[in-house]
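As structure tokens, the structure follows; a few thoughts come after it.
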Amino acid sequence: MKILRDFIENSPDLISIYDEKLNLLEINQVSLQIMKKSRKQTIGKNIKTLIEGIEKTDLLKKYNAVINGANPFISEDVSQTVKFGKKQFSVRAFMTDEGLAIVTRDISELKKAEQQLIKTNQRLEELAYIAAHDIKAPLTNLQSLIQLIVASDGIKKESKGLFDMLITSVDIMENTVYALNNVIAMQESHLPNNEYLKFREVFNTVKESLATQINEANVIIRADFTKAPDIYYPQLYLQSILQNLMTNSIKYRQPNKVPLIEIHTLKKDDGSYLIIKDNGIGMDLDSSKDSIFRLFKRMHTHIKGGGVGLYVVNSLVESYGGNIEVTSEINKGTTFKIYFGDE
Amino acid sequence: MNDINILLVDDDFIVNFLSEKVLKNMDFKNITAVTDGKQALDILKKGNCPDLVFLDINMPVMDGFSFLTQIVKEILCLQMNVAILTSSNRQKEKDMASQFDNVIDYIEKPLNQSKVREVLRKITL
């Protein structure tokens, strides 16, 4: 067991083993360093002498429970004020043949970084909101003012071309700001609840909402959900994912071909998959594989689009631990394979 | 209906100008415009209670929600109808607005005739 001993001795985690009376049997190097004590000063001593103030916490009770046969104790939230300042530890305690093993890791830096990240994210969200909102306000005015000028016939003939370009610019800006505000509103909304959903039912709802577009373009849709009929997922998310991807398939169809959308689901060990395949105009992914999900990224400039759909789909899927695989070929079509994450 | 007193409260004078234009086109005659909640409060304190207020949320000096809180505190113009007129579509702000009894509508800018008609349907005079 020399090798095991070496592992314990050289572990960056604090490892100690106690007998059933919580007297110390074994301790590793890094623990001694942090306690600023030698082996001699610690072995055989009781946990109450070794860890100052432990009686004031509920750790003793937890450790005794494990000794008496309870499940291993795991906590990420053990704060200890010790000589070396306030620190946060993750603690695991479990029974071994030798006695109660306690593995402690100093996660103070990790927790600090986590807090900073949360704060930074909040600041960025707020910044995005304020930027989007503060642009929207004068833009709304601009649109109303343009309407008034148009209504009063207030533009000279020779300036008409310039004025039309102004209108186009304002319209483009409006699209962008509108989309941006929607994306922010989506991100601000709390994670909705998971529900047991039938793919078929959600698909039918979406199909209904797209009825006009489907009929106008004479789209053929083949949907097969027999391999994985249900999923545990937020309904609004699934609806939005289907809606965005089906809309894209219809929007980016080949003009001289009957548009075909094939949808099916799969169940694998790691969870459910949804595959949407179309015979549309396709995209050149080689030049932009990573960026197709970027906000305002547009793959085609000749068809009106906000560059928001795929961004929304991807953020919804990723927020639940899933991911999306895309394959596409110009003038052949595009396939999206969505993994929904651990259900 | 066209002789009701309408108060516009928005720090952006262009918004007030545009709202006033819409209301005048609908033949409303008694329209006053101010640029923050404090000025609006001063008008109320003089005993002039408007029948309908179009109120912006984000304003300097005194914002929309402080104005609404203040009139409850000072028991001013309890019968007054308030329509929030904002460019924010934030759920947080909609929820907050719905907690005030006087608030009868939450409108996203810009104001137009159909939005005004919608407010008038909800109004109690």
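Would you say A:ILE118 is assigned by TED's automatic domain parsing to the domain that holds A:SER169 and within 30 Å of B:ASN112 (Cβ to Cβ)? Reasoning before the result, please.
Working: assigned by TED's automatic domain parsing to the domain that holds A:SER169: yes; within 30 Å of B:ASN112 (Cβ to Cβ): no.
Taking the combined requirement at face value, the residue does not satisfy it.
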#### Entry: Candidate set: region A:164-185, residues that are over 27 Å from B:LYS92 (Cα atoms) and without any contact (Cβ under 8 Å) to a residue 12 or more places away in the chain; chosen: the one nearest to the chain's Cα centre (by Cα)
A:ILE172
### Message
What's the total number of residues in region B:54-79 that are acidic (Asp, Glu) and touching a residue at least 40 places away in the same chain (Cβ under 8 Å)?
### Response
1
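So that you can scan it fast, the table gives a plain yes or no per residue for (1) of a type in the set (Gly, Ala, Ser); (2) assigned to a loop (DSSP other than H, G, I, E, B); (3) assigned by TED's automatic domain parsing to the domain that holds A:GLU262; (4) over 18 Å from A:TYR273 (Cβ atoms):
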{"site": "A:VAL177", "(1), (2), (3), (4)": "no, no, no, yes"}
{"site": "A:LEU180", "(1), (2), (3), (4)": "no, no, no, yes"}
{"site": "A:GLU208", "(1), (2), (3), (4)": "no, no, yes, yes"}
{"site": "A:LYS227", "(1), (2), (3), (4)": "no, yes, yes, no"}
### Task
Could you look through region B:51-109, keep only residues that are closer than 25 Å to B:MET1 by Cα, more than 14 Å from chain A (Cβ to nearest Cβ) and among the charged types (D, E, K, R), and pick out the one that is surrounded by the most Cβ atoms within 10 Å (Cβ to Cβ)?
B:ASP105
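Go through region A:1-15 and give me each residue that's in contact with a strand residue (DSSP E or B) (Cβ under 7 Å, 6 or more places away or on another chain) and either among the hydroxyl-bearing types (Ser, Thr, Tyr) or assigned to a helix (DSSP H, G or I) (or both). First the steps, then the outcome.
Of region A:1-15, the ones in contact with a strand residue (DSSP E or B) (Cβ under 7 Å, 6 or more places away or on another chain) are A:8, A:13-15.
Within region A:1-15, A:ILE8 is the sole residue that qualifies.
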### Summary
Within region A:314-343, of all residues that are aliphatic (A, V, I, L, M) and in a helix (DSSP H, G or I), the one modelled with the highest pLDDT is A:VAL317
### Task
Return the pairs, sorted by first residue and then second, in which the second residue is of a type in the set (Lys, Arg) and surrounded by 12 or more Cβ atoms within 10 Å (Cβ to Cβ), the first residue lies in region A:134-161 and is within 14 Å of chain B (Cβ to nearest Cβ) and closer than 25 Å to B:ASN58 by Cα, the beta carbons are less than 7 Å apart, and the residues are 6+ apart or on different chains.
A:THR140/B:LYS109
### Message
Between A:GLU20, A:GLU76, which is outside any strand (DSSP E or B), surrounded by 11 or more Cβ atoms within 10 Å (Cβ to Cβ) and of a type in the set (Asp, Glu)?
### Response
A:GLU20
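The values are calculated or read from the model by the stated rules, or taken from the named source; none is laboratory data. Since this is a predicted model, take the numbers as computed values, not measurements. Please note: Cβ atoms are built from the backbone with ideal geometry, for glycine as well, and neighbour counts cover all protein chains shown.
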